[in-house]
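Visitor: Got a structure for you, questions after.
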Amino acid sequence: MNINSNDRTVLKKSKLQEITQQIDPRHSLDPEVEEILLEIADDFIESVTTFACSLAKHRGSDTLEVKDLQLHLEKNWNVKIPGFTQSSLQNGASSEEVRAFKRPTQTEAHKQRLVWVKKAQDQLQKQKQKQEKK
């Protein structure tokens, strides 16, 4: 299965721009960067889906299940799917067993660094605005 810009894509430019704005409203992506990121996303989805389908076929199934995707993502990409435990899938238990998602705690030092970064960004923005006014 080959996906190109003329066919359907998983991630649309508008969604990529929305994600960029959520991260930092003051920044935008160059069109070339957008195209590369969209291509990477499509390639990733195609790769994961193809490999997971191979795992399902290896199990003797014609149905792609969460455990197929999860096994490939965890073993080959070190990506964990929140909400499902690997042990419950391996032991044949229900794949609906929920795994608690723990958000990493921020240390005070990390919080302080974030404050400094924000201040530095604000100062740079003010300097740019002053230069633009000149």
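The values are calculated or read from the model by the stated rules, or taken from the named source; none is laboratory data. Since the model is a prediction, treat every value here as computed from it, not as a measurement. Using ideal geometry, Cβ is built from the backbone for each residue, glycine included, and neighbour counts are taken over all protein chains shown.
Visitor: From the list Thr85, Thr50, pick out the single residue that is of a type outside the set (D, E, K, R) and modelled with pLDDT of 90 or more. Break it down into steps so the answer makes sense when it comes.
Guide: Numbers: Thr85 fails: modelled with pLDDT of 90 or more.
Matching residue, one of Thr85, Thr50: Thr50.
Visitor: Another question, if that's okay. Within region 53-67, can you find the residues that are buried (at least 16 other Cβ atoms within 10 Å of the Cβ) and either at pLDDT 90 or above or outside any helix (DSSP H, G or I) (or both)?
Guide: Once the filter is applied, which keeps residues that are buried (at least 16 other Cβ atoms within 10 Å of the Cβ) and either at pLDDT 90 or above or outside any helix (DSSP H, G or I) (or both), region 53-67 yields Cys53, Leu55, Ala56.
Visitor: Take the conditions more than 30 Å from Asp122 (Cα to Cα), among the hydroxyl-bearing types (Ser, Thr, Tyr) and at pLDDT below 90 and apply them to Ser5. Does it pass?
Guide: Yes; evaluated as a whole, the condition is true for this residue.
Visitor: Could you tell me how many of the residues in region 88-134 are basic (Lys, Arg) and either at pLDDT 90 or above or part of a helix (DSSP H, G or I) (or both)?
Guide: Quick first cut of region 88-134, residues basic (Lys, Arg) only: 99, 102-103, 111, 113, 118-119, 126, 128, 130, 133-134.
After this cut, where a residue has to be either at pLDDT 90 or above or part of a helix (DSSP H, G or I) (or both) as well, the list is 111, 113, 118-119, 126, 128, 130, 133.
Going through region 88-134 one residue at a time, the tally reaches 8.
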